[in-house]
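Data block below; observations after.
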Amino acid sequence: MPTASSPPEPRRRLGEHGLAWAFLLPSVVVFALFILYPLGRTFYLSAHANDLFGAPSRFVGMKHYTDLFASADFGRTLVTTGLFVLFTVVPGVLGALLLVLLMESRIRGVRLLRSAFALPFAFSVASASVVFSVFYNPASGVLNGLLSHVGLGPVGWLTDSQYALVSIAISTIWMNLGYNVLVLSAGIGSIPGEITEAARLDGASGLRLARSITVPMLGPSLFFLVVISTVNALQSFGQIHILTKGGPDGATRTLVYSVYEKAFAYGSSDFGTASAQAVVLMVVVLCCTAVQFGVLERKVHYA
Amino acid sequence: MKRSARALAALLVSGLALTACSSSGSGGSSDDSGAPAASALDQASGVTTVEFWHSMTGKNADALTALVNQFNAAHQGKIEVKPLFQGTYDDLIAKYKASVQQKATPAVVQVYDIGSRFMVDSKQIVPAQAFADKDGYSLDDLQANIRNYYTFGGKLQSMPFNSSMPLLYLNDDAFKEAGLDPAKPPTTLAELGEMAQKLTKKDDSGKTVRYGFGAAIYGWFVEQLLAENGALYCDSDNGRSGKAGKVTFDSAKGAEIVQWWADLVKGGYAANTGRQTPDAQAAFKAGTVAMHLESTGVLRGYTEAAKFTVGTAPFPKTAAGDQGGPVIGGASLWISGPGHSDAQKRASWEFEKFLTAPEQQAVWHTGTGYFPVNSKALELPADKEWVAKYPQFRTAIDQLKGTKPTQATAGCALGVMPQARKGVETAIEQTIAGTKTAQQALTDAAKELQPAIESYNSSVG
């Protein structure tokens, strides 16, 4: 529509652009300094070997990447990372959904429950992990104490490589529960009353109402949670560091933890390999998010 | 994406620091003449500041602060030592590496035992021996085995400060209850295994209420057992006659030790509390394990916390004929050379001499439970009083006195020692889980370690 509106005068446009840049500048600077620069630096480091002190010493090209994909350990790390996402995202979102739906039924004290379920949100990862380490303690842990009352156990929650990842996933689900409940509660609250009312008039209630009305209407919230939880799971560090340090026998070594180990732990300062892993992590997060937007979002109904 | 980039940012905070120098500052000179004479300090005007990085927490940090304050008060207007806590030993060494890149190393740094080879290779330090030689200061009072650990190329590289040794801890009450005599503790792994069976107690429902044995999955203990046997942990005489090119813990002896441990766990006679040391300590203090491996440093805490009589015994031998002994653990103090003034180096040396003198070591020993590095400290009344109060400590004194300093008991000096220790821990876990035999697990661990050793050695040049 070339004639619909005449272009603004060049001088005015320049002024507007200048103003826009002035407003953008602080965030552009912060973005460049704390995101773009480290990102570029990561690529740079991932292509270099390190000297004794971790400084990049010589260019090695793709060597760190080819070494990674040739190592069985790294394959295992990727699988562990995938399992951790699966173990935390699916039950985390479904569990929160279930709780929120149950709270929709008009039982007494539901407000109290809502606050209670949102409570984990108030805990930091570090303090929650310390509490869980007490629960899981092999000798004096609460969980094994409870199990022994019913004649089971003891289970090596964090010391048995079969259970350790699940144990960390359980603690992570609990930590995320509060946030998930909050988001879904808000989502339910924003479902227009007339829709539910119409459905009720048509005789829908309970499961039927949930299946046909509430859950589809929660689509955007659920989609948001799945994306956020996946990214969070891929980046989980605190609980792994406090509870297992990636062990036993590497059973809880996720990608992020592996990056940390290579760069900082055990006197290692292999920033080259760590950076290559960080790049892989970035690609994984990118792919997950892209797939979720490509596949899941199509099915989301935005009211 | 913002969030993932932020995760990377954590890694790259140090990257910001790297830009300043693309090559490392490792070319410094720290030959024997790196030690300035005492006059350097006399000529200095004003207060010479000594930045001191350490990893001490809790009671140990309190005791250290008190010693630093005492030193500063005695050198008022001349030297001021500024202690800076830098996190765990691992954290500290990571920060130290960054400080080398930024050419801003602390004047004195406390580094754990297994970081010693790296410190020597870093070429950032002035050996303690250089100062001692310059001054004609005798290092003979330093306990021989402890000195042995920190001696490379015939020269003492750093001043030992906080030293510890492993002991076998006993629940004396459990021994008596099982009809055993705590005065006759097990001396070999086989005996320990037999006693562990007798000490394991189950309730009516078949649930184990007390395990005979329990220790943290800590690679240090395997290092100790190999040294007890007189076996080497890495080649080139434990890295003492030259740079170690590979580890030798995957020997038949190593496998025997790891298999022994795993079998005790699998048989239900040993508790598996994982790698976390506090969990293993909690199990012993709660009385749920009867025999336990730990450092001398926890003795006081145990006697105060446990509701039973805590006994100690020498660290076990792998078999009756073993001629070796324990390896000293803990940390030592290193003086930085490049980038520091002669006055600073000199002040650092004065500080180290102060900390390792008999009086201070007695205060340190009795305040923390670390083994006094100065053998004269044990003769002081305050120290004797303490040992009388905690007679269990006598075991540690006798154990060290009875150990001949050899290459085996000097411990393996490997640049990537922390990773080697971790590899052994993984091998123990794999053997316990039954995914591998001990021999296979150790062979694999050694194989996985090889690239790290080679890359380390090539970057040292």
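What distance in nm separates the simple spin-label points at residue B:246 and residue A:76, each placed 7 Å from Cα in the Cβ direction?
2.1
Under the definition of Cα pairs under 8 Å and six or more residues apart, what whole-number percent is the relative contact order of chain B?
Once normalised by length, the contact order is 25 percent.
Could you compute the FRET efficiency for residue B:62 and residue A:198, with r as their C-beta to C-beta distance and R0 at 45 Å, rounded to 0.05?
On the way: r = 70 Å, r/R0 = 1.56.
So the FRET efficiency works out to roughly 0.05.
DSSP loop chymotrypsin sites (Phe, Trp or Tyr not before Pro) in the range A:262-303 with at most 10 other Cβ atoms within 10 Å of their Cβ, which ones? Before the final figure, lay out each step's value.
Details: sites: A:264, A:266, A:271, A:293, A:302; in loops: A:264, A:302.
Those satisfying the criteria are A:302.
What does a probe at residue A:37 reach in the range A:45-65, counting residues whose amide N is under 19 Å from the point 7 Å along Cα→Cβ?
A:45-46, A:55-56
May I ask for the accessible area buried between chains A and B, both sides summed, probe 1.4 Å, to the nearest 100 Å²? Could the numbers behind the result be given before it?
Values: alone 18150 and 19150 Å², together 33300 Å².
Heavy-atom accessible area buried at this interface is about 4000 Å².
Hey, with R₀ at 51 Å, roughly what FRET efficiency would residue B:76 and residue B:184 work out to, going by the Cβ-Cβ distance, to 0.05?
Values: r = 55 Å, r/R0 = 1.08.
Efficiency computed from Cβ-Cβ geometry: 0.40.
Can you list the residues, at least 5 places off or on another chain, whose amide H is less than 5 Å from the amide H of residue B:50, using H built in the peptide plane?
B:80, B:81, B:82
Can you compute the helix-only [θ] at 222 nm over chain A? Use -39500 (n - 2.57) per DSSP H run of at least 4 residues, normalise by all residues, nearest 500 deg cm²/dmol.
Mean residue ellipticity, 222 nm, calculated: -20500 deg cm²/dmol.
Quickly estimate the mean residue ellipticity at 222 nm for chain B, helices only: each DSSP H run with n ≥ 4 gives -39500 (n - 2.57), and the total goes over all residues, rounded to 500.
On the way: 21 runs with 224 residues, N = 461.
Only helices count here, giving -14500 deg cm²/dmol.
Which value in nm describes the separation of the simple spin-label points at residue B:341 and residue B:204, placed 7 Å from the Cα toward the beta carbon?
7.8
At 1.4 Å probe radius, can you tell me the per residue accessible area of the protein assembly as shown in Å²? Provide the component values of the computation, followed by the final result.
Values: 33300 Å² over 764 residues.
Result: 44 Å² per residue.
Averaged over peptide B:426-432, how many Cβ atoms belonging to another chain are found within 10 Å of each residue's Cβ? Could you put the intermediate results ahead of the total?
Working: counts 5, 1, 2, 8, 4, 1, 6.
Mean shielding by partner chains, rounded to a whole number: 4.
If you count, for each residue, the other Cβ atoms within 10 Å and average over each peptide, how do B:266-272, A:203-209, B:316-322, A:156-162 line up from highest to lowest?
Details: B:266-272: 21.1, A:203-209: 12.0, B:316-322: 17.0, A:156-162: 22.9.
So the peptides B:266-272, A:203-209, B:316-322, A:156-162, ranked by packing, come out A:156-162, B:266-272, B:316-322, A:203-209.
Given an 8 Å cut-off on Cα distances and at least 6 residues of separation, report the relative contact order of chain A as a percent.
On the way: 323 pairs, mean separation 78.4, N = 303.
Here the relative contact order equals 26 percent.
If you take each beta carbon of peptide B:269-276 and count the beta carbons of other chains within 10 angstrom, what is the mean?
Numbers: counts 0, 0, 5, 6, 6, 14, 7, 10.
Mean partner-chain Cβ count within 10 Å for B:269-276: 6.
Pop out the ³J(HN,Hα) list for the range B:274-283 in order, Karplus 6.51 cos²θ - 1.76 cosθ + 1.60 with θ = phi - 60°, rounded to Hz; leave Gly and Pro as x.
x, 7, 6, 4, x, 5, 5, 5, 4, 5
Please go through the residue pairs B:317/B:422; B:59/B:243; B:97/B:317; B:198/B:246; B:78/B:422; B:59/B:266 and name each one whose alpha carbons sit more than 32 Å apart in this structure. It would help to have the intermediate numbers written out before the result.
On the way: B:317/B:422 22 Å; B:59/B:243 37 Å; B:97/B:317 37 Å; B:198/B:246 40 Å; B:78/B:422 44 Å; B:59/B:266 37 Å.
Where the Cα-Cα span goes over 32 Å, the pairs concerned are B:59/B:243; B:97/B:317; B:198/B:246; B:78/B:422; B:59/B:266.
So for each of B:376-388, A:176-188, B:334-346, A:110-122 I average, over its residues, the number of other beta carbons within 10 Å; can you give me the resulting order with the highest mean first? Could you put the intermediate results ahead of the total?
On the way: B:376-388: 15.5, A:176-188: 20.0, B:334-346: 22.8, A:110-122: 13.6.
Output ranking for B:376-388, A:176-188, B:334-346, A:110-122: B:334-346, A:176-188, B:376-388, A:110-122.
May I ask you to evaluate 6.51 cos²θ - 1.76 cosθ + 1.60, the Karplus curve with θ = phi - 60°, for each residue of the range A:15-28 and list the ³J(HN,Hα) values in order in whole Hz, giving x for glycine and proline?
x, 5, 4, x, 5, 4, 5, 4, 5, 6, 3, x, 6, 5
Could you give each residue of the range A:282-296 its phi-based ³J(HN,Hα) in whole Hz, using Karplus coefficients 6.51, -1.76, 1.60 with θ = phi - 60°, and x for Gly or Pro?
After applying 6.51 cos²θ - 1.76 cosθ + 1.60, I find 4, 5, 4, 4, 4, 5, 4, 5, 4, 4, 5, 5, x, 9, 5 Hz.
State, to one decimal in nm, how far the label point of residue B:138 lies from the label point of residue B:43, with both points 7 Å from Cα in the Cβ direction.
Here the answer is 3.1 nm between the modelled labels.
At a 1.4 Å probe radius, carbon and sulfur cover how many percent of the accessible area of the protein assembly as shown?
Values: 19870 of 33300 Å².
Accessible surface attributable to carbon and sulfur in the protein assembly as shown totals 60 percent.
The values are calculated or read from the model by the stated rules, or taken from the named source; none is laboratory data. This structure is a prediction, so every number in the text was calculated from the model and none was measured. Methodologically, a virtual Cβ is constructed for each residue, glycine included, from the backbone with ideal geometry; neighbour enumeration extends over all protein chains shown. To get the accessible areas, we keep the full protein, side chains included, count just its heavy atoms, and leave off ligands, DNA and RNA. Shrake-Rupley method; radii C 1.70, N 1.55, O 1.52, S 1.80 Å.
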